[in-house]
Amino acid sequence: MAPPPSYTISPLAVLPGHTERAWHIAWNPTRPLLASCSADKTVRMYAYTPACKFTHVSTIATGHTKAVRALAWALSGRTLATASFDSNIGVWEQEPNGEADGEGTEGGEWECASQLEGHETECKSVAYSSTGTLLASCSRDKTVWIWEVHPDADFECMGVLMDHSQDVKCVVWHPTEEILASASYDDTIKLYIDDPSDDWFCFATLTGHTSTVWSLAFSPDGRYLASGSDDRTVRVWKRVSAQELRWECVLVLDGHERSVYSVSWSVGVAEEGNKSLGWLASTGGDGAIRVWAFSEPEGEEMAGSSIAPPEHRLIASIGSAHGVYDVNAVAWCPRDGHTDLLASAGDDGATRVWRVGVA
Amino acid sequence: MAGNIVSPSLSSHLILSSPSMAADFDLEALVDLEQTFYETGYDDGFAHGRIHGLIEGRALGRAKGFEMWEELGFYEGFAQMWLSIYEKQGRSDDRATSHTRRLLDLIAQFPRSNPSETDETDFPKLFRQIRSRYKVLCSTLGVRPSLRYSDRSQDRDEAADATLAGPDKPTSEKSVWKTEKGAGANAPRAVSGHSFDF
C-alpha cells in the first residue's frame, strides 16, 4: 500500500480590517462569500474568485451595541444571522439591487430583517439547521433557544432549554437530522431532539471533558461529533445507537498546548474511495491549526453500532497561524471545489484563508 | 485463716473502706465517668436540637414554599390573563393560546400539598419546564418577561447597595424578584407587535 500523502497548510490570503479581535467566520454555502465578525461590532464580507483571490466587498455596521460573537448563514445563502454580546440575535438580508443574481456576489446593502430578543445576557453562538427551518441560539444565561423560521423574517420561539448549569458556549445542528448539540462552561455537551408534541428536550449529556467545552462539529455523515475544550483535547463522540440515542466518546486527541477554541469538520478532499470520514481542523490559544483526516475503522460494516474509534491521522499542522495571537475560530469552506479552503479568525483582528493540499 | 484469698472488688472495698463507710461503692461507674457524662449531655442536646431543628425546618419549608408559589402564581395569573384576552379577541387558535394552555397545564402538575414519600415528582425539572414555557410564551406574545428568576444573594447585595447609595432612592428593598422598569410603553419592540383593542 502506498504511504499516505503528506499535506501542508499554505496561506492563501490575509484579510485584516477589523479594529478589534475577530471572533468568528462563516462561508456562504451557495455564493463565493466569506463573512467575519468582530468585537468592533461589524461584519465584514469578502468575495473570492474561483482562483481564490479574496477582496473585501462590504462592511455591515450592525446595530449591535456590543461585540458580534458569532455568525451563521442560512441554507439559501441569502440570510445571515449574528449573535451579539448585547444579548440579541440579528437576522440580515441583502437588498436585491435588480441585477440577475444566483451565484453573484454583488447585491445591495445588508439590512436588518429581524432582531430576536429574549436572551438575558451575551449570546455566544447561533446556528441554522440543515433544513433551514430552525435557528438555535445560546447564551451566557445558560439557555438554548430554538426558533422556527417563517417567511418574511418572522421567527417563532419553539423552545427555551435550560438544561445546562453554566454559560452555553456553542450550538451546532446535526447535518441531516433535527438534532441539536450544545457545549457549555459546565464541561458537558448536551444533545436535544423534539418529541412529537413539539417539545424540545435533552436526551443525552456527554461528559468526559475536564473543562469548558468551547466548540462542536458534527462529521459530514452525522455519525460522529467532535468537541474542543479548555482541557486542550479534542474528543470524538460516536453515535452507538440511533434508536436509543446514545453517544459515546471513542477518541481523545491531544497535541494542542493551550485551550482548543474551535473545531470544524468537513468532507475535505477524499483520498481513497468512500472510507474517508472527512477532515477535522482544530485551533486554539496556542495559535496552531491542526488538521486530522478520519476514515472508517476496520470491520465497521459488520457491527453497525460498534464503538470502534475511527482511523485518524494528523495530516498537517501549522503554528503561530496568527502570529502571537490566539485563533478564535476555524471553518472549512462548504462549497464544491473549494473544500480544501480553511478560514481562521484571530485576536489580531485578521481573517486568514489557508489551503490544505498535498505537499 | 480467713481473709487470705480475697476477690478484687472485695479487696478494693477493704482498702478504701474504713469501718464507718459501709455503703456500697461501685467503682465500675467511675471507670467510664467521662463517657457517662458525655452520653447524658449528648442525649440532652440531641433531643433539644431535634425540637429546634423541626421548628427551623418548618420555617424554612414555609419560606421556600412561599417563594416557589409566588413565582408560580405570577406565571399562572399571567397565563390566565393572556388566555382570556386572546379568547375575547377571538384568537383562540393562535400559537400564543396553545403556549398559555401548556403553561397552565404544567403549573397544575405542581403539587399543592406535601408530597408523600413515594412521590416521584422532580421539582427542579418541572420548575425548569415551567420557566422555559413562560419564556417561550413571552417571546410569542412579544412581551419582555418582567419577572425574571434571579439569584437571591445578588438581589440582597443590590438592595444593600441601594440603601447605601441614599435613602431617597425609590427602590423597593422588599422585592425578591428583579423587575424591569419601563416594561410598558417604552419597552423595545420585540418580535411581534401587539394591540390591546378588544
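The values are calculated or read from the model by the stated rules, or taken from the named source; none is laboratory data. For clarity, every value in this text was computed on a predicted model and none was experimentally measured. As a convention, Cβ positions derive from the backbone with ideal geometry for all residues, glycine included, and neighbour counts pool all protein chains shown. The area values use the complete protein model at the heavy-atom level, side chains included, leaving out ligands, DNA and RNA. Shrake-Rupley method; radii C 1.70, N 1.55, O 1.52, S 1.80 Å.
Does the range A:115-150 hold any residues that are open to solvent by 20 Å² or more (accessible area, probe 1.4 Å), part of a strand (DSSP E or B) and within 14 Å of chain B (Cβ to nearest Cβ), and which are they? Within the range A:115-150, A:Q115, A:E148, A:V149, A:H150 qualify.
Here is a check on your reading of the model: is A:T82 of a type in the set (S, T, N, Q) and open to solvent by less than 50 Å² (accessible area, probe 1.4 Å)? Yes; evaluated as a whole, the condition is true for this residue. When B:M1 is tested against (1) farther than 30 Å from B:S113 by Cα; (2) among the aliphatic types (A, V, I, L, M); (3) modelled with pLDDT of 55 or more, only condition (3) is not met. Within the range A:151-191, take every residue that is of a type in the set (D, E) and more than 10 Å from chain B (Cβ to nearest Cβ) and give me the one that is farthest from A:L216 (Cα to Cα). Among residues in the range A:151-191 that are of a type in the set (D, E) and more than 10 Å from chain B (Cβ to nearest Cβ), the one farthest from A:L216 (Cα to Cα) is A:D152.
Which one is most open to solvent (accessible area, probe 1.4 Å) among residues in the range B:64-105 that are among the β-branched types (V, I, T) and modelled with pLDDT of 85 or more? Full working, then the answer.
Initial filter on the range B:64-105 (among the β-branched types (V, I, T)): B:85, B:97, B:100.
Filter again for modelled with pLDDT of 85 or more, leaving B:85, B:100.
Values: B:I85: 24, B:T100: 3 Å².
Per the stated criteria, the residue is B:I85.
Just one residue in the set A:V14, A:V57 is in a strand (DSSP E or B), modelled with pLDDT of 90 or more and more than 21 Å from the chain's Cα centre (by Cα); that residue is A:V57.
Tell me, which strands (runs of 3 or more DSSP E) wholly within the range A:277-359 include 1 or more residues that are surrounded by fewer than 21 Cβ atoms within 10 Å (Cβ to Cβ)?
Numbers: elements: A:289-295, A:311-318, A:327-332, A:341-346, A:351-358.
So the answer is A:289-295, A:311-318, A:351-358.
Among the residues of the range A:151-165, those that are open to solvent by 20 Å² or more (accessible area, probe 1.4 Å) and not in a strand (DSSP E or B) comprise A:P151, A:D152, A:A153, A:M162, A:D163, A:S165.
Within the range A:180-197, residues that are open to solvent by 10 Å² or more (accessible area, probe 1.4 Å) reach partners that are assigned to a strand (DSSP E or B) with beta carbons closer than 6 Å, at six or more positions or on different chains, in the pairs A:T188/A:T205; A:K190/A:S182; A:K190/A:C202; A:K190/A:T205; A:I193/A:F203; A:D194/A:W200.
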